[in-house]
1. Which residues, taken from segment 68-85, are within 20 Å of Phe32 (Cβ to Cβ) and assigned to a helix (DSSP H, G or I)?
2. Filter segment 6-22 down to the residues that are of a type in the set (Gly, Ala, Ser) and part of a helix (DSSP H, G or I), then identify the one that is surrounded by the most Cβ atoms within 10 Å (Cβ to Cβ).
3. Can you tell me how many residues in segment 28-48 are in a helix (DSSP H, G or I) and free of Cβ contacts under 8 Å to residues at least 12 places away in the same chain?
4. Would you confirm, using the coordinates I've provided, whether Leu63 is touching a Lys or Arg at 6+ places or on another chain (Cβ under 6 Å), closer than 30 Å to Ile134 by Cβ, part of a helix (DSSP H, G or I) and modelled with pLDDT of 95 or more?
5. Only one residue in Leu99, Leu76 is under 22 Å from Leu25 (Cβ atoms) and of a type in the set (A, V, I, L, M). Which one?
6. Just wondering, is there one or more residues in segment 110-120 that are hydrophobic (A, V, I, L, M, F, W, C) and touching a Gly at 6+ places or on another chain (Cβ under 9 Å)?
7. On the basis of being of a type in the set (Phe, Trp, Tyr), in contact with a helix residue (DSSP H, G or I) (Cβ under 7 Å, 6 or more places away or on another chain) and surrounded by 20 or more Cβ atoms within 10 Å (Cβ to Cβ), does Tyr74 make the cut?
8. Can you tell me which of (1) surrounded by 15 or more Cβ atoms within 10 Å (Cβ to Cβ); (2) touching a residue at least 12 places away in the same chain (Cβ under 8 Å); (3) within 27 Å of Arg131 (Cα to Cα) is the one Leu25 doesn't meet?
Amino acid sequence: MSVVVDSHAVQPRWQTVTGSVMSGLIVAFLLFDGAIKLVPIAPVTETLTALGYSADPALARSLGIITLACALLYALPRTSVLGAILLTGLLGGAIATHLRVGSPVFSHLLFGVYLGLIAWGGLYLRYEAVRKMIPFRL
């Protein structure tokens with residue numbers, strides 16, 4: 001079975017469903033991550049300190065607002081590519097922070113890479129325009 005995405009393209013249903021699930025997972029994670037930073041709970045401020053940042057709740061809240069803004073932009077179809085671009089920047093900062101403090105590679109340092117791949121992969125599967133911007137040819 002195929003799904004009509006726009007007036008020009010028809011894509012397999014599995015592709016749309018898989019992309020939607022991947023994007024949904026990213027949005028759910030970002031909403032959780034942003035929400036716990038807004039509170040902010042003790043593990044958030046402790047982690048900021050361990051990463052070399054201030055334990056100031058205002059910093060955690062600011063990061064929470066940025067994360068929630070990225071999640072909202074990514075979740076809305078009209079702004080999803082902008083959300084993915086901003087999310088990529090946010091994740092790049094997280095990767096740089098973990099690199100700076102010598103965090104474990106596969107569980108911490110590359111976690112931002114995993115999230116970025118899932119986020120862009122979800123868009124890639126759902127939108128022909130993204131596939132045209134990033135063509136993979138074998």
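The values are calculated or read from the model by the stated rules, or taken from the named source; none is laboratory data. Everything numeric here is computed off the predicted structure, so don't read it as measured data. All Cβ positions, even for glycine, are placed from backbone atoms using ideal geometry, and neighbour counts span all protein chains on display.
1. Leu68, Ala69, Cys70, Ala71, Leu72, Leu73, Tyr74, Ala75, Ser80, Gly83, Ala84
2. Gly19
3. Selection size over segment 28-48: 6.
4. Spelling it out, Leu63 is indeed touching a Lys or Arg at 6+ places or on another chain (Cβ under 6 Å), closer than 30 Å to Ile134 by Cβ, part of a helix (DSSP H, G or I) and modelled with pLDDT of 95 or more.
5. On inspection, the qualifying residue turns out to be Leu76.
6. Yes, that holds for at least one residue.
7. Yes.
8. Only one criterion is unmet by Leu25, namely (1).
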